[in-house]
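To start, the structure itself, in structure tokens.
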Amino acid sequence: MIGQDMKLRQFAILGLLIILSPVIHIGCRSGPDKRTESVPEWLHSTPSDDRYFYAVGISGQTRKTNEAWDQAIQRARAELGRTIYSHVTSEGLIISTTRGEYSRQVIDILSDTELNFTEVIERWHDKLGTYGSINHYYVLVRLEKKTAKMILKKLK
């Protein structure tokens, strides 16, 4: 009889474990499913049109939000300078200074924190690392092409 009670008890425990296994499985997860957020289209494909030059900037890891946004804007302006320089050289414009010096001048002018000609038109904080690293900040800036031409004329 003792052997039969033991078998009945084991059978009851096994049945209980089978019934409770989904609950036990949910409770043992290592963490919540990774959430995702939608990534702005301009990160996949930088806009292009006849009126503006566009560029994207990304921050590095920083502790302060304002510093991260400023860093992303600075980097976007430097990228904008490279974009304009590439456009100018592809147009075959003759430049009186050496290529390297001219490139540096354009990038320096557009990277200047006091530059009021660039416009930040989009911002995005990647909180979850959906696009890149966690807690990085992205900006999309633009500059009117006629303003860029005006800046370039001053350099010649």
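Which one is modelled with the lowest pLDDT among residues in the stretch 70-98 that are in contact with a Ser or Thr (Cβ under 7 Å, 6 or more places away or on another chain) and either closer than 24 Å to residue 129 by Cβ or surrounded by fewer than 18 Cβ atoms within 10 Å (Cβ to Cβ) (or both)? So, considering only residues that are in contact with a Ser or Thr (Cβ under 7 Å, 6 or more places away or on another chain) and either closer than 24 Å to residue 129 by Cβ or surrounded by fewer than 18 Cβ atoms within 10 Å (Cβ to Cβ) (or both), the one modelled with the lowest pLDDT is 78. Only residues that are part of a loop (DSSP other than H, G, I, E, B) and either surrounded by fewer than 20 Cβ atoms within 10 Å (Cβ to Cβ) or touching a Gly at 6+ places or on another chain (Cβ under 6 Å) (or both) were counted across the stretch 50-60, and they come to 3.
How many residues, within the stretch 104-156, are in a strand (DSSP E or B) and modelled with pLDDT under 90? Residues meeting the conditions: 0. Within this structure, residue 63 passes the test of being at pLDDT 70 or above and either exposed (fewer than 12 other Cβ atoms within 10 Å of the Cβ) or not hydroxyl-bearing (Ser, Thr, Tyr) (or both).
The values are calculated or read from the model by the stated rules, or taken from the named source; none is laboratory data. Every value quoted in this text rests on a predicted model; they were computed, and no experiment measured them. Every residue, glycine as well, gets a Cβ built from its backbone with ideal geometry; the counts of neighbours run over all protein chains shown.
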